[in-house]
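**Q** Here it is, the structure in full.
Every read-out reported here was derived from the displayed coordinates using simple, explicitly stated rules and does not represent laboratory data. Just so it is clear, the structure is predicted and the values come from calculations on it, not from any experiment. Cβ placement follows ideal geometry from the backbone for every residue including glycine, while neighbour counts extend to all protein chains displayed.
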Amino acid sequence: MFTKNVGIVARLFSTKEEDVPRRVELAQQLLEAATSVRLQNQKGSFKRIDLVVWADPKYESDCGMTAAALRKMVQARGYKDVYVSGEVHADLFCGLLNRATARQSRGGCDYVMFLSPEASSYLTQSNMDLMWGALAAGAKVTGLAISEITDSILEGRIGNSCAIWEIESLLAVGGFDLEAKKPTLDEERYHAFVRGAGKDGHDRFYHLAGVEEMIPLARLVKEYGACIAPILPTDESQVYIVPDRETQPELWQRHWNKIATKDERQVRHLARECVETTYLKDAGGMPAYRHPRVYGKRG
């Protein structure tokens, strides 16, 4: 039985004031889902939940209104052990997660779950029971194979849209390496980028940043061996909420730029550790969590 304390970290920001209500709505959906889940130790639900608003002025980050709106919602709904903070000294991909992980550890958590508000439909008792089971079996990291990137996650390339990491082991390998950090506005001019193509055939560009999970995943496997547990969600109707093309064109564009370049960005960050993607799949995947959907293939 899994008896450790788990917390949740959710990253949020609204570059425009008109987007704040939607971010608050998504955060509320996440909190409602979280309060419905019981841990196997029967002590209650998650130890703490950190709603971290990315507001570093060196980037095109939050408009300055989201944190206050979130605090108002949390207070009005009476949520317990939910903490809203603004992060003004970190990039979105690495620094923010490292600082949030430290807060979770200080708050008594043994494991941290990174969850995108857009993925809160996956936060169900049946899915969480599978993840608790993986952690109890010794996984250092487990993640749900969410829509859009299902196969890559089943191959061991866990995504922080819905993943749980053992904090002690994550910190032991250096946390989320700043090699994957998002470039500041000043750095964007000379930062390397990746060019991909969408399903519509149009070019998609994204800086060589993000996919911050790759470097610590490689290091975990080097240190602990097979310790990655990908989980296929129990309900195929659960989906990651993609921004609407008509009402949120900038967020829609950003999402598909990320998806179209994700595989190549993963490859390049893994190359920094002198490994390829099959290393996570074949050396990192725990035997009980090797899904035939991808392990039936070669490579």
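**Q** Leaving out same-chain residues fewer than 8 places away, which lysines sit with a Cα under 25 Å from that of Lys181?
**A** Cross-link targets: Lys16, Lys58, Lys140, Lys222, Lys258, Lys262, Lys281.
**Q** Please identify the longest segment of the chain free of exposed GluC sites (Glu not before Pro), where exposed means a DSSP state other than H, G, I, E or B and no more than 10 other Cβ atoms within 10 Å.
**A** Numbers: sites that count: Glu236, Glu246.
The longest such stretch corresponds to 1-235.
**Q** While we're here: At R0 = 25 Å, how high is the FRET efficiency between Ser237 and Lys199 if r is their beta carbon distance? Nearest 0.05 is fine. It would help to have the intermediate numbers written out before the result.
**A** Details: r = 22 Å, r/R0 = 0.87.
For Ser237 and Lys199, the calculated efficiency is 0.70.
**Q** Need the C-alpha centroid separation for segment 135-186 versus segment 73-116, integer Å.
**A** 16 Å
**Q** Tell me the mean residue ellipticity at 222 nm calculated for the chain from its helices only (DSSP H runs of n ≥ 4, each -39500 (n - 2.57), averaged over every residue, nearest 500). Walk me through the numbers on the way to the answer.
**A** Details: 9 runs with 102 residues, N = 299.
Value at 222 nm, helices only, nearest 500: -10500 deg cm²/dmol.
**Q** Between [x] 0.94; [y] 1.13; [z] 0.97, which matches Rg/Rh (Cα atoms, Kirkwood Rh) calculated for the structure shown?
**A** The value computed from this structure is option [x].
**Q** Say the dipole of segment 6-290 comes from +1 at the beta carbon of Lys and Arg and -1 at that of Asp and Glu; which of Thr278, Leu251, Leu70 then lies farthest toward its positive end?
**A** Leu70
**Q** Checking the cross-link filter: which lysines have an alpha carbon closer than 21 Å to that of Lys80, excluding same-chain neighbours under 8 positions apart?
**A** Within the straight-line limit of under 21 Å, Lys80 reaches these lysines: Lys4, Lys43, Lys47, Lys72.
**Q** Next question, about the same structure. Classify segment 255-299: rounded, prolate or oblate, from the alpha-carbon gyration tensor (a ≥ b ≥ c, eigenvalue square roots; a/c under 1.5 rounded; otherwise prolate if a/b is larger than b/c)?
**A** Working: a/c = 2.62, a/b = 1.46, b/c = 1.80.
Oblate is the answer for segment 255-299, as a/c is 1.5 or above yet b/c matches or exceeds a/b.
**Q** If Lys and Arg each add +1 and Asp and Glu each add -1, what is the summed charge of the other residues whose beta carbon sits under 11 Å from the beta carbon of Val53?
**A** Values: positive: Arg11, Arg23, Arg71; negative: Asp50, Asp56, Asp62, Glu87.
Summing Lys and Arg as +1 and Asp and Glu as -1 gives -1.
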